[in-house]
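Peer 1: First the structure, which I've put down as structure tokens, then a few questions once you've had a look.
The values are calculated or read from the model by the stated rules, or taken from the named source; none is laboratory data. It should be emphasised that the depicted structure is a prediction, and the values quoted were computed from it without experimental measurement. Positions of Cβ are backbone-derived with ideal geometry, glycine not excepted, and every protein chain shown enters the neighbour counts.
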Amino acid sequence: MSDDEDDDPAVSLGEHTPVEGAPLARVSSRLTWPKEKSEVARLEGDSVIRTPEGPQELAAILEDVDETYFQRHQEFETHIRSVIGTGPIPTADE
């Protein structure tokens, strides 16, 4: 690296805005698949995930999922997103 290069990022990242809850992908990556819905609830049910409606406990979302067995994490995430929807996640300031 030469002395002429700038250490600032090439793209301004903006101010840090807190977002409550964990991304769904982070929660699903902590599990091994396949997995029963009841086992997901036991292991990660108290995890709070980010949703377009604000942070929600995974156990509450799982109550609205009809599927009882998830073969892969993609299948699990699809079922969860069918309940919570997709869209912008509100920040703590909103």
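Peer 1: Scan the range 55-94 for residues that are within 13 Å of LEU31 (Cβ to Cβ), assigned to a helix (DSSP H, G or I) and touching a helix residue (DSSP H, G or I) at 6+ places or on another chain (Cβ under 9 Å) and report the count.
Peer 2: Of the residues in the range 55-94, 7 are within 13 Å of LEU31 (Cβ to Cβ), assigned to a helix (DSSP H, G or I) and touching a helix residue (DSSP H, G or I) at 6+ places or on another chain (Cβ under 9 Å).
Peer 1: While we're looking at this one, here's another question. State the number of residues belonging to the range 35-54 that are among the acidic types (Asp, Glu) and assigned to a helix (DSSP H, G or I).
Peer 2: Going through the range 35-54, the residues among the acidic types (Asp, Glu) turn out to be 36, 39, 44, 46, 53.
When the remaining residues are screened for being assigned to a helix (DSSP H, G or I), the result is 39, 44.
Summing the residues that are among the acidic types (Asp, Glu) and assigned to a helix (DSSP H, G or I) in the range 35-54 gives 2.
Peer 1: Among the residues of the range 52-94, write down those that are among the hydroxyl-bearing types (Ser, Thr, Tyr) and closer than 19 Å to SER38 by Cα. Before the answer, list the steps.
Peer 2: Restricting attention to the range 52-94, the residues satisfying the condition of being among the hydroxyl-bearing types (Ser, Thr, Tyr) are 68-69, 78, 82, 86, 91.
Within the range 52-94, THR68, TYR69, THR78, SER82 meet the criteria.
Peer 1: Scanning the range 43-71 for residues that are over 13 Å from the mean Cα position of the chain (by Cα) and among the hydrophobic types (A, V, I, L, M, F, W, C), which turns out surrounded by the fewest Cβ atoms within 10 Å (Cβ to Cβ)?
Peer 2: Filtering first and then ranking leaves ALA60.
Rundown of residues vs (1) touching a strand residue (DSSP E or B) at 6+ places or on another chain (Cβ under 8 Å); (2) modelled with pLDDT of 95 or more, yes/no style:
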residue	(1), (2)
VAL11	no, no
THR17	no, no
PRO23	yes, no
PRO34	yes, yes
ARG42	no, yes
PRO55	yes, no
GLU67	no, yes
PRO88	no, no
ALA92	no, no
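Peer 1: Under 7 Å between Cβ atoms, at least 6 apart or on separate chains: pull out the pairs that start in the range 19-41 with a residue that is among the small types (Gly, Ala, Ser) and end on any residue that is not in a helix (DSSP H, G or I).
Peer 2: Pairs found: GLY21/VAL48; GLY21/ILE49; GLY21/ARG50; GLY21/PRO55; ALA22/SER47; ALA22/VAL48; ALA22/ILE49; ALA22/ARG50.
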